[in-house]
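What follows is a set of notes on a single structure, which appears directly below.
The values are calculated or read from the model by the stated rules, or taken from the named source; none is laboratory data. As the structure is a prediction and not an experimental result, all values here were calculated from the model. FYI the Cβ positions are ideal-geometry reconstructions off the backbone, even for glycines, and counts take in every protein chain you see.
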Amino acid sequence: MAHSMTKAELVSKIAGKAGITKAQANDALTAATEAIGAALLEGKKTTLPGFGTFSVSERAARTGRNPQTGKSIRIPASTGVRFSASSTLKDALN
């Protein structure tokens, strides 16, 4: 099973690649994630060329089935976040 990267590990990698302190890398990462989150709250897509696109996904209300009882249940409408990897990232993973 693959290891999950923690925020601290990501901050260390950013600091090393950019030649900045871990504190500066943490501030930059925090600013980037806050900016992406703010754009999503406004319903805007955020595209990072070579990486991917973050967007808001709307799901309509629907009827589902409880797998334990078999009864129909109402699933309310919801909003979520979608990430679509760029072709560059997809190619790098293959």
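Here are a few things to note about the model shown:
- Residue check, Ala39 more than 13 Å from the chain's Cα centre (by Cα) and at pLDDT 95 or above: no
- Of the strands (runs of 3 or more DSSP E) lying entirely inside the chain, those carrying at least 2 residues that are surrounded by 12 or more Cβ atoms within 10 Å (Cβ to Cβ) are 46-48, 52-59, 78-85.
- Close pairs from the range 46-67: first in the same structural domain as Ala92 (by TED's automatic domain parsing), partner among the aliphatic types (A, V, I, L, M) and part of a strand (DSSP E or B), Cβ under 6 Å, at least 6 apart: Gly52/Ala85; Arg62/Ile75; Gly64/Ile73; Gly64/Ile75; Asn66/Ile73
- Filter result (under 17 Å from the mean Cα position of the chain (by Cα) and under 24 Å from Ser87 (Cα atoms)) within the range 1-36: Ser4, Met5, Leu10, Leu29, Ala32, Thr33, Ala35, Ile36
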